[in-house]
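Asks: Structure incoming, see below.
The values are calculated or read from the model by the stated rules, or taken from the named source; none is laboratory data. It should be emphasised that the depicted structure is a prediction, and the values quoted were computed from it without experimental measurement. All Cβ positions, glycine included, derive from the backbone under ideal geometry; neighbour counts span all protein chains shown. What goes into the accessible areas is simple: the full protein's heavy atoms, side chains included, and nothing from ligands, DNA or RNA. Shrake-Rupley method; radii C 1.70, N 1.55, O 1.52, S 1.80 Å.
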Amino acid sequence: MTALARLLFPAPAVRRSPEVIVGWWERRRPVYNVIVGATGLLSWGVVELLAWLPPNRQGHLPWQLILVFGIGANVCYTFGSVVESLLARVWGDELLPVGPTLWRHGLVFSVGLSLLPIGFAWVDYLFSAVKYLL
């Protein structure tokens, strides 16, 4: 199994107690933060690069927005263990472990959300470039 497959398809928590589930999620939080943080830095870099290209638009990302996104992403990450614990409590052993699926979908959503400013910056740049040329 490759490292990427192990990252995206981790083994679920063996025992299903809330403490074990929270521990499972917390062991993966640093990897989540590195991946989402790296894509956020990529977005920030592209937005800053587009702000330097003619016609120089002032399309900078405010640092406060970046901080709020990072905090919000970690708050939403915490909901993963809460949701899995609630599902395990309601359905018990009848439900297969959902942690790996929730983790994978949350990671993909967070990466997509952190790359969203690139799309907005490109659209803004293209409109301003067309307006400048006309």
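Asks: Of all residues in segment 84-107 being within 24 Å of Arg6 (Cβ to Cβ) and of a type in the set (Val, Ile, Thr), which is surrounded by the most Cβ atoms within 10 Å (Cβ to Cβ)? If you could, list the steps in order and put the result at the bottom.
Replies: Filtering segment 84-107 for residues within 24 Å of Arg6 (Cβ to Cβ) gives 84-85, 87-88, 95-107.
Right, trim to of a type in the set (Val, Ile, Thr) and you get 98, 101.
Values: Val98: 17, Thr101: 13.
Per the stated criteria, the residue is Val98.
Asks: Going through segment 32-42 one residue at a time, which ones are farther than 11 Å from Tyr77 by Cβ and open to solvent by 50 Å² or more (accessible area, probe 1.4 Å)?
Replies: Pass one, segment 32-42, residues farther than 11 Å from Tyr77 by Cβ: 34-35, 37-42.
Hits for segment 32-42 are Val34, Ala38, Leu41, Leu42.
Asks: For residues that are assigned to a helix (DSSP H, G or I), more than 13 Å from the chain's Cα centre (by Cα), polar (S, T, N, Q) and more than 20 Å from Arg28 (Cβ to Cβ), tally how many sit in segment 39-87.
Replies: 1
Asks: Quick one: would you say Pro117 is touching a residue at least 24 places away in the same chain (Cβ under 8 Å) and assigned to a helix (DSSP H, G or I)?
Replies: Working: touching a residue at least 24 places away in the same chain (Cβ under 8 Å): yes; assigned to a helix (DSSP H, G or I): yes.
Here the answer is yes, as Pro117 does meet what is asked.
Asks: Taking the conditions exactly as written (within 21 Å of Thr39 (Cβ to Cβ), touching a residue at least 40 places away in the same chain (Cβ under 8 Å) and open to solvent by less than 100 Å² (accessible area, probe 1.4 Å)), does Ser110 satisfy them or not? Show your work before the answer.
Replies: Values: within 21 Å of Thr39 (Cβ to Cβ): yes; touching a residue at least 40 places away in the same chain (Cβ under 8 Å): yes; open to solvent by less than 100 Å² (accessible area, probe 1.4 Å): yes.
Yes; evaluated as a whole, the condition is true for this residue.
Asks: Shifting gears a bit: Leu4: hydrophobic (A, V, I, L, M, F, W, C), at pLDDT 90 or above and open to solvent by 90 Å² or more (accessible area, probe 1.4 Å), yes or no? Break it down stepwise before answering.
Replies: Numbers: hydrophobic (A, V, I, L, M, F, W, C): yes; at pLDDT 90 or above: no; open to solvent by 90 Å² or more (accessible area, probe 1.4 Å): yes.
Considered against the rule, which asks whether it is hydrophobic (A, V, I, L, M, F, W, C), at pLDDT 90 or above and open to solvent by 90 Å² or more (accessible area, probe 1.4 Å), Leu4 comes out as no.
Asks: In segment 121-134, which residue that is of a type in the set (Phe, Trp, Tyr) and surrounded by 13 or more Cβ atoms within 10 Å (Cβ to Cβ) is farthest from Val34 (Cα to Cα)?
Replies: Restricting attention to segment 121-134, the residues satisfying the condition of being of a type in the set (Phe, Trp, Tyr) are 122, 125, 127, 132.
The next check asks that each one be surrounded by 13 or more Cβ atoms within 10 Å (Cβ to Cβ); those that pass are 122, 125.
On the way: Trp122: 25, Tyr125: 28 Å.
The residue in question is Tyr125.
Asks: What are the residues in segment 15-36 that are in contact (Cβ under 8 Å) with a residue 40 or more places away in the chain and under 18 Å from Val108 (Cα atoms), if any?
Replies: Trp25, Glu26, Arg28, Arg29, Tyr32, Asn33, Ile35, Val36
Asks: Separate question: Just wondering, is there one or more residues in segment 58-70 that are within 21 Å of Ala11 (Cα to Cα) and either in contact (Cβ under 8 Å) with a residue 40 or more places away in the chain or in contact with a strand residue (DSSP E or B) (Cβ under 8 Å, 6 or more places away or on another chain) (or both)?
Replies: No: segment 58-70 contains no residue that is within 21 Å of Ala11 (Cα to Cα) and either in contact (Cβ under 8 Å) with a residue 40 or more places away in the chain or in contact with a strand residue (DSSP E or B) (Cβ under 8 Å, 6 or more places away or on another chain) (or both).
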